[in-house]
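K.L.:
After the C-alpha cells below, expect a handful of questions from me.
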Amino acid sequence: MDDLVDHRRRGLAISVLGGPTTVIDIAGLRVVIDPTFEPPGQKGYLTKTASPAVPSAALGDIDVVLISHDEHPDNLDEEGRRVALAAPLVLTHPRAADRLGPNAKGLEPWQAIDLPGGDGAESLTVQAVPAVHGPADGQRNETGHVNCEVTGFVLSGPDVPTVYLSGDNASIGAVKAIAERVGDVDIAVIFAGAARVPTKEHGRPLTFTGQRAAAAAELLGAKSVIPAHVDSWAHFSEGRDDFVAAFEEAGLSHVIAVAPNGRWVTFRRDGASWAAAAPG
C-alpha cells in the first residue's frame, strides 16, 4: 500500500504534513493536531514558506481535531479553522474552546475525556497536559501564560500505545511533570524548530530546540520520537536535520522515526512495546 496519506485509515500510523500539522490514526479514529493547510505567504507577522504535503481535502473524514492553541497562524490558520469546525469534535484548552464554538470542548491540564473507538477498537483517552510557549522566565500575559496559553495532549487506551503530542512547548519542567504523572510514553511527537520572533522574549526560543527535545524524550522514556514543527515557517530557526543531530549527540538516534512530510510512519507491537516499522 502506498504510504502517502489519503482518506484510507491505517491501523496505527502517524504522519507530519508540514509545520505542526500531524495526522494520527489510532484506535480506529483519525485525529489531526494543529491543522494548517493554507499556501505559503505572509500570515500576519509570520511567513509561511511551504504548503502542506497533503491538502485537507485528501484526508477524508476526521473524527477529532486537537488544537494546542488558536492564537497563532502557524498552528491554526483559516483553512485549518474551517477543517476543525467541520469535524465532529475539537479538543483544546477551555479559553480556546470558548472562541472556537460549539463543537469545541475545553480541557484543563490533566483533565481527560474517553472517546469511543472506531472499527472495533474499545476507546481512546485524550488527556490535556501542560505546555509553556516560551522561556520559563518569560513575560506572562493577562491569563498568566508565556506568549499565549497552550496545551499538549496524551493519547492512550486499551491495546494502543501511549502517545505524547507536545504542542508548542519550551519547558522541560512541564515535561518532567508529565513524566511524573503519566509515566513513560511509547511515542512522542515533539514540536521543536526553536521558533524565534525578534519582538518576543528577546528572540529566545519559543519552542524546543533539538537539544531540549532530546532531554524531554529521555525524561519521558519515549521509545519512538517523531519531529514536528521543524519546517514550513521562516521563524523556525532549526530544521529536521538539527533535530536529528541533537538526538545523535545525546545518544538517542535509535528512537528517531522520520518519514518525508505526508508519508506515514507506521507502528506495530513488538512484545510489550511498540516499534516503528521499517519504511516500505
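K.L.:
Scan region 228-280 residue by residue and report those that are more than 22 Å from residue 2 (Cβ to Cβ), small (Gly, Ala, Ser) and assigned to a loop (DSSP other than H, G, I, E, B).
P.N.:
Matches in region 228-280: 232, 234, 237, 239, 250, 251, 271, 272.
K.L.:
So for region 11-29 (the condition being surrounded by fewer than 24 Cβ atoms within 10 Å (Cβ to Cβ), free of Cβ contacts under 8 Å to residues at least 12 places away in the same chain and not in a strand (DSSP E or B)), does at least one residue qualify?
P.N.:
No, region 11-29 has no match at all.
Residues checked against (1) among the β-branched types (Val, Ile, Thr); (2) over 24 Å from residue 97 (Cα atoms):
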| position | (1), (2) |
| --- | --- |
| 167 | no, no |
| 172 | yes, yes |
| 188 | no, yes |
| 205 | no, yes |
| 224 | no, yes |
| 230 | yes, yes |
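K.L.:
So which residues in region 126-145 are under 15 Å from residue 93 (Cα atoms) and either in contact with a helix residue (DSSP H, G or I) (Cβ under 8 Å, 6 or more places away or on another chain) or of a type outside the set (A, V, I, L, M, F, W, C) (or both), if there are any at all?
P.N.:
127, 129, 130, 131, 132, 133, 143, 144, 145
K.L.:
Now for a separate question. Looking at region 221-228, is at least one residue in contact with a helix residue (DSSP H, G or I) (Cβ under 9 Å, 6 or more places away or on another chain), under 20 Å from residue 44 (Cβ atoms), touching a residue at least 40 places away in the same chain (Cβ under 8 Å) and not small (Gly, Ala, Ser)?
P.N.:
Filtering region 221-228 down to residues in contact with a helix residue (DSSP H, G or I) (Cβ under 9 Å, 6 or more places away or on another chain) leaves 221-225, 227.
Add one more test, that the residue is under 20 Å from residue 44 (Cβ atoms), and what stays is none.
Within region 221-228, not a single residue is in contact with a helix residue (DSSP H, G or I) (Cβ under 9 Å, 6 or more places away or on another chain), under 20 Å from residue 44 (Cβ atoms), touching a residue at least 40 places away in the same chain (Cβ under 8 Å) and not small (Gly, Ala, Ser).
K.L.:
So which residues in region 30-42 are over 23 Å from residue 186 (Cα atoms) and outside any strand (DSSP E or B)?
P.N.:
Matches in region 30-42: 35, 36, 37, 38, 39, 40.
K.L.:
Determine if region 67-76 includes at least one residue that is of a type in the set (D, E, K, R) and not in a loop (DSSP other than H, G, I, E, B).
P.N.:
Scanning region 67-76, I find no residue that is of a type in the set (D, E, K, R) and not in a loop (DSSP other than H, G, I, E, B), so the answer is no.
K.L.:
A further question on this structure: Against the condition surrounded by fewer than 24 Cβ atoms within 10 Å (Cβ to Cβ) and touching a strand residue (DSSP E or B) at 6+ places or on another chain (Cβ under 7 Å), how does residue 59 come out, does it pass?
P.N.:
yes
K.L.:
Could you look through region 192-203, keep only residues that are part of a loop (DSSP other than H, G, I, E, B) and under 21 Å from the mean Cα position of the chain (by Cα), and pick out the one that is surrounded by the fewest Cβ atoms within 10 Å (Cβ to Cβ)?
P.N.:
Only one residue tops the list, namely 197.
Condition check ((1) modelled with pLDDT under 95; (2) within 16 Å of the chain's Cα centre (by Cα); (3) not aliphatic (A, V, I, L, M)) across all residues:
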{"site": "13", "(1), (2), (3)": "no, yes, no"}
{"site": "30", "(1), (2), (3)": "no, yes, yes"}
{"site": "40", "(1), (2), (3)": "no, no, yes"}
{"site": "84", "(1), (2), (3)": "no, yes, no"}
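K.L.:
Could I ask something else about it? Among the residues of region 65-88, which ones are buried (at least 18 other Cβ atoms within 10 Å of the Cβ) and aliphatic (A, V, I, L, M)?
P.N.:
To start, the set of residues in region 65-88 that are buried (at least 18 other Cβ atoms within 10 Å of the Cβ) comprises 65-70, 72-77, 80-81, 83-84, 87.
Answer for region 65-88, where residues must be buried (at least 18 other Cβ atoms within 10 Å of the Cβ) and aliphatic (A, V, I, L, M): 65, 66, 67, 76, 83, 84, 87.
K.L.:
Across region 115-151, what is the number of residues that are touching a residue at least 12 places away in the same chain (Cβ under 8 Å), touching a Ser or Thr at 6+ places or on another chain (Cβ under 8 Å) and either surrounded by fewer than 16 Cβ atoms within 10 Å (Cβ to Cβ) or over 17 Å from residue 194 (Cα atoms) (or both)?
P.N.:
11
K.L.:
Can you find a residue that is crowded, with 24+ Cβ neighbours inside 10 Å and under 20 Å from residue 124 (Cβ atoms) anywhere in region 34-47?
P.N.:
Looking through region 34-47, at least one residue is crowded, with 24+ Cβ neighbours inside 10 Å and under 20 Å from residue 124 (Cβ atoms).
The values are calculated or read from the model by the stated rules, or taken from the named source; none is laboratory data. If you're wondering where the values come from, they're calculated on a predicted model, not measured in any experiment. Cβ atoms come from the backbone with ideal geometry, glycine included; neighbour counts cover every protein chain shown.
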